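K.L.:
Have a look at the structure that comes next, please.
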2 protein chains.
Amino acid sequence: MSSPCPYKQPEHKLTMIPGPIEFSDPVLYAMSTPSQAHTSPEFIKTFQTTLQNLRKLFKSTDSKAQPYVLAGSGTLGWDVVGANLINPGDKVLVLSTGFFSDSFAECLKVYDANVDVITAEVGNVLPLDKIAEKLKSEKYTAITITHVDTSTAVVSDIKAISDVVKKESPETLIVVDGVCSVGVENLEFDAWGIDFALTASQKAIGVPAGLSIFYASERAVTKALDRKKDSSFFASMKKWTPIMKAYEGGSGAYFATPAVQTITALKVSLDEILGESLDARFAKHEEISTQFKNHLAKSGLKILPINEKVAAHGLSAVYFPEGINGADFLAKVAGKGFTIAGGIHKALVGKYFRVGHMGFSVYEGHVDKLAKAIDEALAEVGYKKQ
Amino acid sequence: MSSPCPYKQPEHKLTMIPGPIEFSDPVLYAMSTPSQAHTSPEFIKTFQTTLQNLRKLFKSTDSKAQPYVLAGSGTLGWDVVGANLINPGDKVLVLSTGFFSDSFAECLKVYDANVDVITAEVGNVLPLDKIAEKLKSEKYTAITITHVDTSTAVVSDIKAISDVVKKESPETLIVVDGVCSVGVENLEFDAWGIDFALTASQKAIGVPAGLSIFYASERAVTKALDRKKDSSFFASMKKWTPIMKAYEGGSGAYFATPAVQTITALKVSLDEILGESLDARFAKHEEISTQFKNHLAKSGLKILPINEKVAAHGLSAVYFPEGINGADFLAKVAGKGFTIAGGIHKALVGKYFRVGHMGFSVYEGHVDKLAKAIDEALAEVGYKKQ
């Protein structure tokens, strides 16, 4: 997966949470690239390639669609939606599959969106007929779908939902929170008619945290550029669109200083990711995810998603077995050299844990090693399979 | 200045623009720190030390004042001011010493501030009596001062302006854009009664771009926390204040994923900066800046600031001599291994260039080498001292 690299990262506790994930040596080495001016020929070339490759990552060939990379985090992408695509009072339909969907709704309310949230049963996705019914009942400016909610490890069927939107309300903008999906779950931006997809660097894209990455359709860009009243300065697509176009076209431009080193690392990671076909990458993640989940099931553990069909492939959310102390278990796993995460869904805090299996760790055999460590840790806290 | 470091950056063109600046080997090495969870004990310790040391950088001991570090850039700090300290319709007095002051005003208007801009003559600061007069004529919620405007290399006297505000309008919040000043010009947050100071990582703080860093007084924090209607989600001090307090107190918390590697680099850089006294650091920058400016004067060049008293110490803005081609000159300098910057003040684009002399380059002798390269480049483009 990696090209020859003079840097080898030291042995360390493996970070196997649903992001930040583990990074390859070449990606980490790129983080220490000596200083370059943000408008230097060297960095312009780097940013140009990065933007071109982001189009491939989103499976998009529409030259009127637009990739963006800002210093920030996934959360900033929500502000971009609220500040550019939603006018005060606009109706927005939020499909909630967990904590992050709800937070997205909260963000949109800050921008005076009139938000309707429909909430799936915990561990499940929303039934398509319920979505269709809402779209028939009201005119929504936008619908937001959390592709993979990192709190529940549930994956929504973007294509199927998009088909419903196209049928019932084609003028509704389709907004996808792809924070835990882009780079691990299939997402066909053009073919599925998506208008806006946002993600962050530290998930399946395999780059240290610090970048907000998003991709907008022609009609989303047009809407943002035609907007009368700006609602944010730093998150303004009006400000950033010419900057991104300049860099992709091979010249520098300035609105706010880009994160030169982290973007250089993004360039390296995209080169790695696109070194195989995206579909091969998705298949690999599905294979490792299925193996891991099967292993957990064999050990007697139960995943949070109600079935395999709605279970994401970049992470697993897993109930602690009855009778064991979750914190003790996580500490035992940490003692074996792996950081995994507690649960954050409000209804289930303390009842489950989460494991990220994306990118580098999937290719380096970390997931198998973690599965073994989990079994050992369970035994050490007194768990016996029923 | 640096502790033993296994990484040595390769030879490269030296970036001597007014940010990003050159970075030390340990800072760059920290950028490639292997993945850590944002709530891991390792990163919590790093962030805790960073926040504690930011207090020292701002010369602040008031425990009710609050440091913040967000993934973003200096520009994001302007949104933080607009979204947290200004209510729609509030009067704000912007003291303009160049391009960046004007952009700050533009940002505040997005948040519906009622902005009065008073503009200094190009290359000069604003007379104190003019500021006093404005403050007497109207009630301003806030005054913004660009400590060093990176477009003109002019440094404002924050203490003197603050004294005027305290006398004429003590309830007016004093907001300092310290993007090109914090870490190179003296700034005494508590003693001078500042309410909000913002900066970015890639200037005198000596860390790759990607962080928005700001510091708020007790009354600024209180105002932000008491705010009725939020105007931003990602830039909300209500959201970030508890997160920063948690990390500084030694526990993890989550609102949006912090830029783990860049914050680790910030920790290393602050350790380096605070390894000598801040006053010694400021004196060193003043000494090197004066030497460089004297050298330019001896070569017959004229700086943009109208005199030495208003000239900043972290950068120099210098007129191209009559009759030479500026672009050719910059290309010649680049050919000798130094990136310096063109001018960006609207009235003077193409008429001057800018050199950054901050941090690592000041301590490593880069400024002397650049001075020599500038002389050679001038000769090569046919310049002869009059």
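K.L.:
Out of A:ILE324, A:ILE288, A:ILE306, report the one residue that is surrounded by fewer than 22 Cβ atoms within 10 Å (Cβ to Cβ), among the β-branched types (Val, Ile, Thr), more than 14 Å from chain B (Cβ to nearest Cβ) and under 19 Å from the mean Cα position of the chain (by Cα).
P.N.:
Answer to the selection: A:ILE288.
K.L.:
Related question: Only one of A:SER40, A:SER73, A:SER60 is of a type in the set (Gly, Ala, Ser) and under 16 Å from the mean Cα position of the chain (by Cα); which?
P.N.:
Of the residues listed, the single one that is of a type in the set (Gly, Ala, Ser) and under 16 Å from the mean Cα position of the chain (by Cα) is A:SER73.
K.L.:
Return the residues of segment B:228-256 that are among the β-branched types (Val, Ile, Thr) and surrounded by 24 or more Cβ atoms within 10 Å (Cβ to Cβ); say none if nothing qualifies.
P.N.:
none
For (1) out of contact with any strand residue (DSSP E or B) (no Cβ under 8 Å at 6 or more places or on another chain); (2) assigned by the TED database to the domain that holds A:ILE205; (3) within 27 Å of A:LYS139 (Cβ to Cβ), each residue gets a yes or a no:
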| residue | (1), (2), (3) |
| --- | --- |
| A:GLN52 | yes, yes, no |
| A:LEU57 | no, yes, no |
| A:GLN66 | no, yes, yes |
| A:GLY74 | no, yes, no |
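K.L.:
Here is a follow-up. Which is more than 30 Å from B:LEU211 (Cα to Cα), of a type in the set (Val, Ile, Thr) and not assigned by the TED database to the domain that holds A:ASN307, of A:THR222, A:THR172?
P.N.:
A:THR172 is the lone residue from the list that is more than 30 Å from B:LEU211 (Cα to Cα), of a type in the set (Val, Ile, Thr) and not assigned by the TED database to the domain that holds A:ASN307.
K.L.:
Turning to a different aspect of this structure: Please go through segment B:78-105 and give me each residue that is facing another protein chain (nearest Cβ under 9 Å) and farther than 22 Å from A:ASP112 by Cβ, ordered by number.
P.N.:
B:SER103
K.L.:
Another question, then. Going by the structure shown, is A:SER162 modelled with pLDDT of 95 or more, surrounded by 15 or more Cβ atoms within 10 Å (Cβ to Cβ), in the same structural domain as A:ALA204 (by the TED database) and assigned to a loop (DSSP other than H, G, I, E, B)?
P.N.:
no
K.L.:
Give the number of residues within segment B:314-329 that are in contact with a strand residue (DSSP E or B) (Cβ under 9 Å, 6 or more places away or on another chain) and free of Cβ contacts under 8 Å to residues at least 24 places away in the same chain.
P.N.:
The number of residues fulfilling the criteria is 1.
K.L.:
Right, next: Where residues in segment B:241-252 are among the hydrophobic types (A, V, I, L, M, F, W, C) and within 23 Å of B:VAL81 (Cβ to Cβ), which of them is nearest to the other protein chains (Cβ to nearest Cβ)?
P.N.:
Here the answer is B:ILE243.
K.L.:
Also, quick follow-up: Taking A:SER96, is it touching a residue at least 60 places away in the same chain (Cβ under 8 Å) and either buried (at least 19 other Cβ atoms within 10 Å of the Cβ) or on the phi > 0 side of the Ramachandran plot (or both)? Walk me through it before giving the result.
P.N.:
On the way: touching a residue at least 60 places away in the same chain (Cβ under 8 Å): no; either buried (at least 19 other Cβ atoms within 10 Å of the Cβ) or on the phi > 0 side of the Ramachandran plot (or both): yes.
Judged against the criteria, A:SER96 is not a match.
Residue-by-condition table, conditions (1) within 12 Å of another protein chain (Cβ to nearest Cβ); (2) assigned to a loop (DSSP other than H, G, I, E, B):
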| site | (1), (2) |
| --- | --- |
| B:VAL175 | no, no |
| B:VAL179 | yes, yes |
| B:GLN202 | yes, yes |
| B:ILE205 | no, yes |
| B:TYR215 | no, no |
| B:ARG219 | no, no |
| B:PHE233 | yes, yes |
| B:LYS239 | yes, no |
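K.L.:
Of the conditions (1) in a helix (DSSP H, G or I); (2) within 14 Å of chain B (Cβ to nearest Cβ), A:PHE255 clears all except one; give me its number.
P.N.:
Looking at each condition in turn, A:PHE255 falls short on (1).
K.L.:
Related question: Quick check: anything in segment B:341-349 away from chain A (no Cβ under 14 Å) and among the small types (Gly, Ala, Ser)? Walk me through how you get there before you give the answer.
P.N.:
Taking segment B:341-349 and keeping what is away from chain A (no Cβ under 14 Å), we get B:347-348.
From what is left, the residues that are among the small types (Gly, Ala, Ser) are B:347.
Yes, the conditions are met somewhere in segment B:341-349.
K.L.:
Another question about this same structure. I'd like to check which helices (runs of 4 or more DSSP H) are fully inside segment B:311-386 and have at least 2 residues that are of a type in the set (D, E, K, R) and farther than 24 Å from B:VAL148 by Cβ. Break it down stepwise before answering.
P.N.:
Values: elements: B:326-335, B:360-363, B:366-380.
Per the criteria, B:326-335, B:366-380.
K.L.:
While we're here: Considering every residue within segment A:73-82, establish whether at least one is acidic (Asp, Glu) and buried (at least 24 other Cβ atoms within 10 Å of the Cβ).
P.N.:
Taking segment A:73-82 as the starting set, the residues that turn out to be acidic (Asp, Glu) are A:79.
Among the residues that remain, those that are also buried (at least 24 other Cβ atoms within 10 Å of the Cβ) are: A:79.
Yes, segment A:73-82 contains at least one residue that is acidic (Asp, Glu) and buried (at least 24 other Cβ atoms within 10 Å of the Cβ).
K.L.:
With surrounded by fewer than 24 Cβ atoms within 10 Å (Cβ to Cβ), closer than 30 Å to B:ILE21 by Cβ, modelled with pLDDT of 95 or more and more than 9 Å from chain B (Cβ to nearest Cβ) as the only criterion, which of A:TYR29, A:TYR68 stands out?
P.N.:
A:TYR68
K.L.:
Any residue in segment B:152-168 that is in contact (Cβ under 8 Å) with a residue 12 or more places away in the chain, touching a Ser or Thr at 6+ places or on another chain (Cβ under 9 Å) and within 14 Å of another protein chain (Cβ to nearest Cβ)?
P.N.:
No, segment B:152-168 contains no residue that is in contact (Cβ under 8 Å) with a residue 12 or more places away in the chain, touching a Ser or Thr at 6+ places or on another chain (Cβ under 9 Å) and within 14 Å of another protein chain (Cβ to nearest Cβ).
K.L.:
Among (1) surrounded by fewer than 23 Cβ atoms within 10 Å (Cβ to Cβ); (2) farther than 23 Å from B:ALA283 by Cβ; (3) of a type outside the set (Gly, Ala, Ser), which single condition is B:GLU185 missing?
P.N.:
Unmet condition: (2).
The values are calculated or read from the model by the stated rules, or taken from the named source; none is laboratory data. In this text the structure is predicted, and so the values were computed from the model without any measurement. Cβ: placed from backbone, ideal geometry, glycine included. Neighbour counts: every protein chain shown.
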